[in-house]
1. What are the semi-axes of the equivalent ellipsoid for segment 798-915, taken as the square roots of 5 times the Cα gyration tensor eigenvalues, largest first, in whole Å?
2. How far apart, in nm, are the 7 Å Cα→Cβ label points at LYS56 and ASP759?
3. If one computes P(r) from the Cα atoms of segment 566-664, what percent of pairs lie at distances over 24 Å?
4. Going by C-beta contacts inside 10 Å, put HIS129, HIS499, HIS340, HIS822 in order with the fewest on the left.
5. Write out the GluC sites (Glu not before Pro) in segment 385-474 meeting two conditions: DSSP loop, and at most 14 other Cβ atoms within 10 Å of their Cβ.
6. Summing Lys, Arg as +1 and Asp, Glu as -1, what charge do residues with Cβ under 10 Å from the Cβ of LEU485 carry, LEU485 excluded?
7. Pop the C-beta distance of HIS190 and HIS340 into the FRET formula with R0 = 51 Å and round what comes out to the nearest 0.05.
8. For segment 599-645, what's the radius of gyration and Dmax over Cα atoms, in angstrom?
Amino acid sequence: MVTTHNFMSTVHLLLIFFFSLLGTASYLQLIKPVSCTKSHIFRCSKVEREALLSFKEDLTDPSGRLSSWVGEDCCNWTGVGCDNTTGHVVKLDLKNSFPTIEFDLYYEDNEFHVATEYDRHVDEIAKAHNKSCLGGKISSSLLNLKHLSYFDLSLNNFNGINIPKFFGSLESLRYLNLSFSFFSGVIPPHLGNLSRLQYLDLNSISSAFIMVNPFTGLEVRSLDWFVGFPSLRYLNLGNVNLEKVPNWIHAVNMLPPLWELHLAGCGLVSLPHSISSINFTKLSVIDLSFNFFNSSLPHWLSNMSGLSTIKLEFSGLIGDIPVGLGHLNNLRNLDLGDNHFVGKIPNSFSNLCNLQTLDLRFSNISGEITDFLDGLSQCSNSSLEDLNLGHNMLLGGNLPHSLEGLKNLKTIDLFRCSITGSIPDSIGNLSSLQTLDLSYNQMNGTIPKSIGKLSMLVLLSLGGNSWEGVLTEAHFQNLIRLKFLYLSTKWTLILDVKHDWVPPFKLIKIKLANMQIGPNFPAWLETQNDLNFLGLDNVSISDTIPDGLWKSCPNVVSWSLTGNKLRGQVPYFQFHPLASYFDLSSNKLEGPLPLFHSNLSSIFLQNNLFSGPISENIGELLPKLSSIDLSSNSITGRIPYSIGMLKELSFLILRNNSLSGKLPPHWKDLQQLLVLDLAENNIFGNVPSSMRHLSSLAHLSLRQNHLEGEILSFFRNYGNLTSLDLGGNKFSGKLPVWIGGSLPQLLRLSLRSNLFHGDIPQQLCLISNLQIIDLAHNNFSGVIPQCLGNFSYDDDLVMILTEQMPIVSKGRENLYDESTIHLVYSIDLSGNNLSGEIPDNITSISKLVSMNLSMNHLTGRIPEKIENLHMLESLDLSMNELYGPIPDSLSSLTFLSHLNLSFNNLSGKIPTGNQLQTLSDSSIYEGNSLLCGPPLSTKCSEDETNIKITPNGGNQNGRGIESFSFWISMIVGFIVAFWGVCGTLIIKTSWRQAYFRSFDNLKDKIVVFVMVKIVCLLRS
C-alpha cells in the first residue's frame, strides 16, 4: 500500500510537471509562434531541408511522427515552422503529444487519495509513452538552421545521452525546452552563449509518467554561465542536481529580467536568510520545492512585492511562517506544504484577498482556524479557490458561518486536523465548491441539509467524525456532479431514504462505514452503474446479496462489504477484468467458497460460515492472487497443491478451519510470501523441505496442528522472520543454537506444548528485540540463561497485518492480534524441568508485562529487585522450590493484577500495602507452610519478622536467637574472667606465691579434716 506521504510527494511532482506546461503556454507570448499553416510564397532552402533530414536520420521514431518529412517544402513538415516572410526555419516543435494525464481518486487506509489512471496500468502507459517518443542521437546538422529561435524536444526519451554542446552555438534561440526527455550528464556551460534566450526548461523528472528517482542524471557544477543570459525570463532546472552549487542564489541574482524560477528537487541545502542586493525584482514565480534546506523561511521573500506564486513544499523548512508574507498583495498561489513550521497561520494572511491557492498540508501548524477564516471572509471580493490545510493535527477551532463569504472556494481540505463543532448551515452558499474533505476531525452534531445545495460538488468526505442524526434525500438533492462519497461515524448516523429513491448523482467511489443503512441492502445502489469502488463496512445490513448488484455495478474493481450480517450464499458473477480487491469478511455468509475465476489480487473471506474444500485448481483460477484470508470458517479437505503456482502470493491465512492432510510439497515458487498462517487445523506430518525457499517470510504460524519432527535447519534461512509460532504440535529435539544468530529480526517466539528438550541456549539472547518468549510445557532442562535480561527493545516494532498469537497471562489464554500484540512483553517458561535460581538480571526487562516460571524446579529466592519490573501485570512462580521471604519490593508493582506464589518453601510475613492489598486471594500463597499474615489465616508472632532462614527451608524462632546470644555472652565472660585472674597471677609474683600458699594451707586443712573424720568413724 502506498503511504499518504509518498502519495503527496508524487502528486506534487506531477504538479511541477503540469506547472511547467502552463508556464510554456504563458511564455509563448514572449516568442510569437509560427503557424503550422505556411505560406507557399517561399519554400525552405536546400541547406535547411538537408539539415532537417540529416537530423531525422539520426533519430529513432517508433510511432512515425516524422513520416511527413518528405518532399521539397519542409515548411509543411510536422513540427517545422518557417518565417512567413523569409521562409527560413525558425521553429522545431517536436514535443511528444502523448495524451494528458487524467487525475482520479482511490480509497485506501480509510481515506481517499488522488491517483492517476496510469497507477493501475503503469506498464501499458509506459509502453505507449515510449513508443511515442523520439530518441537516438541529435545531429549537429541543426547548426545550419541559422534562424532557429524555438526548439522543443520535451517529453521524449534520449536514453541518457548528454545535452549536445553545440546547442550553445544556436545563437538565434530564444526558446529551448528539453524537459522530461531523459538527458543526463553535466549541463554544458556552452548554453551560456545563447544571449537571446528568454525561455530555458531543462526539467529532468525521469518522465511525466514514472517518477521514481529524484535525479535522472543531469547535474550542474557551476552556474557562472548564467551571466550569458541577459534576457532570460523563464528558468526551469527542476530535478537537476545542484548539490555542488552552494552559491546558487548568487547566480540567480545575475538574472534581473527573470519572471519565473523553478528549482524544484535540486538537492539544494542552503537558503540564505538575507541578500545584500536583490536584482531579480521582477520575479513573479519562485519554486524551490522538494529540497533539503532545514532552515526557516527567509524574510527577503516578504520584500518581493511582485511575487504571485511561492512553492516551497517538501523543503525542510522550520520555524515560524513570516508575517510579512501576508503583505504580498499580488500573491496568488502559496504552497508551503510538508514542512515543519511552528505556531499559527499569521493573522496577516487574512489580508491576502487576491490569494487563489493556499496549501499548508502536512506543515505542523497549530492554533485555531476560526479567526483566520473570519478575517479572510472580510475581503470584499476574495479570490480564494483552494484551501488545503489537511494533516495538521494541532489545527483546531470551528468552521465559522462567515465561511460563506469565500464565494469562489472550490476546495476545502481539512483532512486529519482537530476541527471541532458542526458544519455551518451557510456552507450551502458556496456554489463553486467541488471538494469538501472534513474527514478525521473532532466534529459532531448533525450534517446540515444545505450540503444538498452544492451542485458543483464532486467529492464529499466527512468520515471519522462523531456525526449524529438522519440523512435523507434532501442532503443529496442537487449533488448532480458528486462522484466520490465517504461517510462514517460511531453508529449514530442513519441513512434513511425511500426504497425506490433514485439519487441525482452517478458515483465512481462510495465508502460508508460504521453507520446505519440496513437492514436491507440499499436498492439505490443498483442505479450506480459507474461505480468502480464500493465500500459498505459495518453498516448493519442483514440481508442476502442481491443478484442484481453484480449486474448493475459491472465496473467495480474493489468490493468491500465487511462487518455486516450478510447471509446466504454468494451468487456467482463475473468480475471486471481489472478487479483487484474483494472483501466479504465478518459476515454470516455460507456455502462454498466464492473463489470465482478472476484477476483478483486480494480476497478476504474470514469470519464467515463458508464450508467445503478449497478449489484444487485455485492456482489457475486466481493467477494474480497476492493476499487471501479464509480464516475462521468451516473449510475442510487439504491445502491444494496448486497453491504453489501463485508466484505473487504474499499473504496466505487459513487458520481456524478444519483442514487436514499433509502440507503440500510445492513451496519453491512462493518467494514473495510474507505471512503464512495455518494455525488451528488438523494438518499432520513433517514440514516439507521445499519450505526452505520461503526466505521472505515475516510471520509463520503452524500452531495447534499435529505436525512433528525437529526444527529443520532451513529455518535459519528465515532472516526476515519477526514472528514464529509452532505451539501445540509434536515438534521435538533440542532448540538449535543458531536460532539467535540466524533470526535477528524475531520479535515473537512461541514453541509451547511440544516435545522439545535440552538446555535453553544462551544464543537465544542474541535476538535483542525478542518481546515474547513462550517455551512453556516442553521438557527443557538446565538453568534459565542469565542473559535474558539483556534485551534492548526498539520502540519501532513491526506489526504484521492479520497476525494473531495466543498468550497465557493472568492465569488464562488471551488471543492478541496485530492491534494489541505489539504492546505485550512476555516470558513463559512454565511446565518444564528447569532448575537453579531465577536470574537477577531478568529484572532488567522493564517493559515485561507477564512472567510465568511455574511448574519447574527453581530454587533460591525471589529477586530483590523485582520492583524494577514496574510494568508487570502477571507473575506466576508457583510449583517450584523457592525459599526465603517474599521481597517487600513486590508491593511496589502498581500494575500487578495476577500473582501466584503457591507451593514453594517461602517463609515469613507476607508483605502488605499498595497493590498487594488488592490481591486478597489466599490461594496465591497456599502450599507455603512457613508463610504467615493476611490473607492467610496463620498469624505472625511479634518477632516473626526476625526469622532466621535456613537453606532447607527450616527456621528458628526468637528463643533460638536468644539462646545463641546467651552462649556468645558466656564465652566472652569466661575469657574475661580467666585472663582477669590468671593474667594477674602470671605477672605479679607476690600475688602468685600468696595464691598458691593459700591453696597449700587449704589442702592441709582439708587433709587433716578428712583424716580426723575417718579416725572418728573407725573408733565408733
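1. 26, 16, 12
2. Each label point lies 7 Å from its Cα, and together they span 8.4 nm.
3. For segment 566-664, the share of Cα pairs beyond 24 Å comes to 13 percent.
4. Listed from fewest to most nearby Cβ atoms, that is HIS499, HIS340, HIS822, HIS129.
5. Hits after loop and neighbour filter: nothing returned.
6. Net charge around LEU485: +3.
7. Efficiency, from the Cβ-Cβ distance: 0.80.
8. For segment 599-645, the Cα radius of gyration and maximum Cα-Cα distance read 10.6, 27 Å.
Read the figures in this text as sums done on the coordinates, not as results from a lab. As the structure is a prediction and not an experimental result, all values here were calculated from the model. Don't worry about glycine lacking a Cβ; one is built from the backbone with ideal geometry, like all the others, and counts go over all protein chains shown.
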